[in-house]
1. In region 98-127, what GluC sites (Glu not before Pro) fall in a loop by DSSP, with at most 13 other Cβ atoms inside 10 Å?
2. Report, to one decimal in Å, the Kirkwood hydrodynamic radius for region 120-181 based on all distinct Cα pairs.
3. For a protection proxy built on the mean count of beta-carbon atoms within 10 angstrom, sort 173-179, 54-60 highest first, please.
4. Just to confirm, what accessible area per residue do you get for region 1-61 at 1.4 Å probe, in whole Å²?
5. Does region 39-196 come out rounded, prolate or oblate, given a ≥ b ≥ c as the square roots of the eigenvalues of its C-alpha gyration tensor, rounded meaning a/c under 1.5 and, failing that, prolate meaning a/b above b/c?
6. Report, in deg cm²/dmol and to the nearest 500, the calculated mean residue ellipticity at 222 nm for the chain, where each DSSP H run with n ≥ 4 adds -39500 (n - 2.57) and the sum is divided by the residue count.
7. With every protein chain left in place, what is the accessible area per residue of region 68-151 in square angstrom, probe 1.4 Å?
8. How big is the dipole moment of region 4-116 about its Cα centre under a simple scheme where the beta carbon of each Lys and Arg is +1, that of each Asp and Glu is -1, and everything else is neutral? Debye, nearest 20, please.
Amino acid sequence: MRIVLLGAPGCGKGTQGARLSSAFGIPRLSTGDALRAAVKAQTPLGLRAKAAMDAGQLVSDDIVIGLVEARLLEPDTRAGYILDGFPRNVAQARTLDAMLIRQGQPSVEHVVHLRVSEDEIVARLLARGQAEGRADDNEGTIRSRIGVYQAETRPLLDYYQAQGKLLSIEGVGEVEAIFAHIMSVLGYRPGTAIAA
Ligand code: AMP
């Protein structure tokens, strides 16, 4: 199973991605997590990425594409993966399609879009900022990230709709109910044993 999770920051991609990852026994690849780890470790890549992340802007395509390309060559992705936070714009999506062909890997099968209103997003991210202390979960940066989502990431809905891969579901409610809904649009009933 090869899935892209799409949605505004705070829509629940990380939470649902972790559940999907354990349900299918495949890794969740989060470019945000990988970038935060690089910033924390002060690697050259992290130092290049930090200013954009702090400002709520996208890190340059070449940095994230390099990260994803290397990760997709690791053997644990052979049976599938959940992409969380990548692609984030149409150029990244086109590059991903071409990269999978070049690597001789199957293309992404499903794109799960979690719909959440802007007010809910702001409330969730402010709460997460207080609970987890994530540097970019403050009001100014949250507004930039939502603006970036609208301008750059939202066009991916049309991109994947045109490929017939888009599954759009309501991302508000109980985590378990949303997960059950995702599984059902993917064609699985709750409790079904899943072969990787
Ligand atoms: P996330 O944890 O997915 O919300 O990502 C946190 C931050 O990392 C974003 O606001 C961007 O600055 C950066 N980032 C994560 N994924 C990407 C990506 N695919 N392209 C560019 N920047 C990214």
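The values are calculated or read from the model by the stated rules, or taken from the named source; none is laboratory data. All values reported here derive from a predicted model rather than from experimental measurement. Cβ placement follows ideal geometry from the backbone for every residue including glycine, while neighbour counts extend to all protein chains displayed. Accessible surface areas use protein heavy atoms only, side chains included; no ligands, DNA or RNA. Shrake-Rupley method; radii C 1.70, N 1.55, O 1.52, S 1.80 Å.
1. Counting only loop positions with at most 13 other Cβ atoms within 10 Å, the GluC sites (Glu not before Pro) in region 98-127 are 109.
2. Details: mean 1/r = 0.0732 Å⁻¹.
It is 13.7 Å.
3. On the way: 173-179: 12.6, 54-60: 16.3.
With the highest mean Cβ count within 10 Å placed first, the list reads 54-60, 173-179.
4. Result: 42 Å² per residue.
5. Judged from the Cα gyration tensor, region 39-196 comes out oblate (a/c at least 1.5, b/c at or above a/b).
6. On the way: 9 runs with 103 residues, N = 196.
The per-residue figure over the chain is -16000 deg cm²/dmol.
7. Averaged over the residues of region 68-151, the accessible area is 47 Å².
8. Working: 13 positive and 10 negative charges, 46 e Å.
Around 220 debye, computed over region 4-116.
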